[in-house]
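In what follows, a single structure is set out as structure tokens and then discussed.
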Amino acid sequence: MSDLVKEGIVAPTGLIAHGRGEAFDYLLGEKTVPAAHLAEKVIAAYLQEAKRPVITINGNAAGLAAKDLISLSELTHAKLEVNLFHRSEERVEKVCRFLEKAGAKEVLGRKPDAKLEGIASERALCDKEGIFSADVVLIPLEDGDRAEAMVKAGKKVLAIDLNPLSRTSEAATVTAVDEITRATPNIIKAAKELRNKPEERRKLIDSFDNRSNLKEVKRDICKLLED
Ligand code: PTJ
């Protein structure tokens, strides 16, 4: 990660965010807990049921899981959009190129032509054909303001976030409380398994409750601490 900071892919504060994530991962025993496993299946189901799915990519997500996120986008026909918290045109270009080098065929985000309501600053910028008109958005490692704005805009928001207490985790429709490099391959596997099973996908979506899933993760953390 520190090399990617030097290259300008990961923001300097991305390292701090990474450390926050690691701290929570220790509390999870550095493994995918059962509740996260279920959330990952539900995320796969939502992506496949979506009409206009989009996967948003920031510096940390690109640095940690570019290839898997590209594979997931191909498998689920989701668009990839670079959307940075610490935005500069130069960094957007660098992250887009980084994804293209890793094999992405089309990356949105270079020329944002729409704005998400409810966020001041350049962080509101997005692509009309991407995040703006998406019905389902996968947001790995997203900040709370944008996650809440996407929910308010009526989108189904799918988060990957190691912190079960974050505003993103609480606002999302589905949160996989898991490390991105474990979560993404799990979502890919589930998407392959669910490919020709629309009924099973809808069952997973209809029976999922994010609040109780997050509670289960917190119980797992307490149990690990007590043991
Ligand atoms: O590249 P940019 O400019 O878009 O900036 C990206 C960061 C991540 C710096 C920015 O979005 C940010 O500051 O995010 P936050 O508010 O720290 O939220 C990131 C969330 O991701 C936190 O709740 C972390 O616990 C969590 N997280 C960190 N590393 C991982 C993670 N979740 C899953 N896997 C990780 N490896």
Would you tally the residues in the stretch 84-101 being free of Cβ contacts under 8 Å to residues at least 24 places away in the same chain and not in a helix (DSSP H, G or I)? 1
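Residue check: is Arg123 among the charged types (D, E, K, R), modelled with pLDDT under 95 and part of a helix (DSSP H, G or I)?
Against the criterion (among the charged types (D, E, K, R), modelled with pLDDT under 95 and part of a helix (DSSP H, G or I)), Arg123 qualifies.
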Can you name the residue in the stretch 26-60 that is in a helix (DSSP H, G or I) and within 7 Å of the ligand (Cβ to nearest atom) and, of all such residues, is farthest from Lys215 (Cα to Cα)? Gly59
Could you grab me the full set of residues in the stretch 111-124 that are surrounded by 15 or more Cβ atoms within 10 Å (Cβ to Cβ), closer than 22 Å to Ala17 by Cα and out of contact with any helix residue (DSSP H, G or I) (no Cβ under 7 Å at 6 or more places or on another chain)? Ala124
Mind listing just one residue for me: the one in the stretch 136-167 that is over 10 Å from the mean Cα position of the chain (by Cα) and within 7 Å of the ligand (Cβ to nearest atom) and, of those, surrounded by the fewest Cβ atoms within 10 Å (Cβ to Cβ)? Gly144
Does Ala104 satisfy being part of a helix (DSSP H, G or I) and either within 19 Å of Ala50 (Cα to Cα) or away from the ligand (no atom under 16 Å from the Cβ) (or both)? no
Kindly establish whether Arg201 is surrounded by fewer than 24 Cβ atoms within 10 Å (Cβ to Cβ), modelled with pLDDT under 95 and not aliphatic (A, V, I, L, M). no
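The values are calculated or read from the model by the stated rules, or taken from the named source; none is laboratory data. Computed from a predicted structure; not experimentally measured. Quick reminder, even Gly has a Cβ in these numbers, built from the backbone with ideal geometry, and neighbours come from all protein chains shown.
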